[in-house]
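Just so it is clear, none of the values below were taken in a lab; they were calculated from the coordinates. On a predicted model such as this, the values are computed, not experimentally measured, just so you know. Cβ sites come from the backbone with ideal geometry, for glycine too, and all protein chains shown count toward neighbours.
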């Protein structure tokens, strides 16, 4: 299960709002929970179990940071790579990732989970419904509201960055 779903779980935690260093530990927590509840995981629904556990772990981590009044931040520096892309390309990717995380932070965890699975992971609504153990109508309404909230957050971000003194 770890070999098959490690990358998916880590990516999900990152997209659910955890920075890299916290996502590493949270991924371990997800698989620890899975190892303790192996008997409860139905064959064929491992991915669903891991994602639902990841949502709970991410929510817990975010609440912990909120109580401490800490800000969840990702790495500000670009990661070194062997292919040596240009520095401006790396900076653009880091900035785009930071903007995406900021916009995703505007969504509730329920909306964010569905939005991430549909828009970023490419799952269908049926797959999301099965993964999250929700009716398809609930998935559709969360996706619709998530898209609306994301668009509103994007509009606010653009307005804030377009005016003098805004972020560029």
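For the ranges 120-131, 5-16, 28-39, what's the packing order if you count other beta-carbon atoms within 10 Å of each residue, average per peptide, and put the highest first? Mind dumping the intermediate values first?
Details: 120-131: 16.3, 5-16: 20.0, 28-39: 13.9.
Result, highest mean Cβ count within 10 Å first: 5-16, 120-131, 28-39.
State log₁₀ I(q)/I(0) for segment 1-55 at q = 0.12, 0.17 Å⁻¹ as given by the Debye formula over alpha-carbon point scatterers of equal weight, solvent excluded.
Log-scaled intensity ratios, in q order: -0.23, -0.45.
Students often get this wrong: which residues of segment 125-162 have the backbone nitrogen under 17 Å from the point 7 angstrom along Cα-to-C-beta of residue 106?
143-162, by backbone N distance to the label point.
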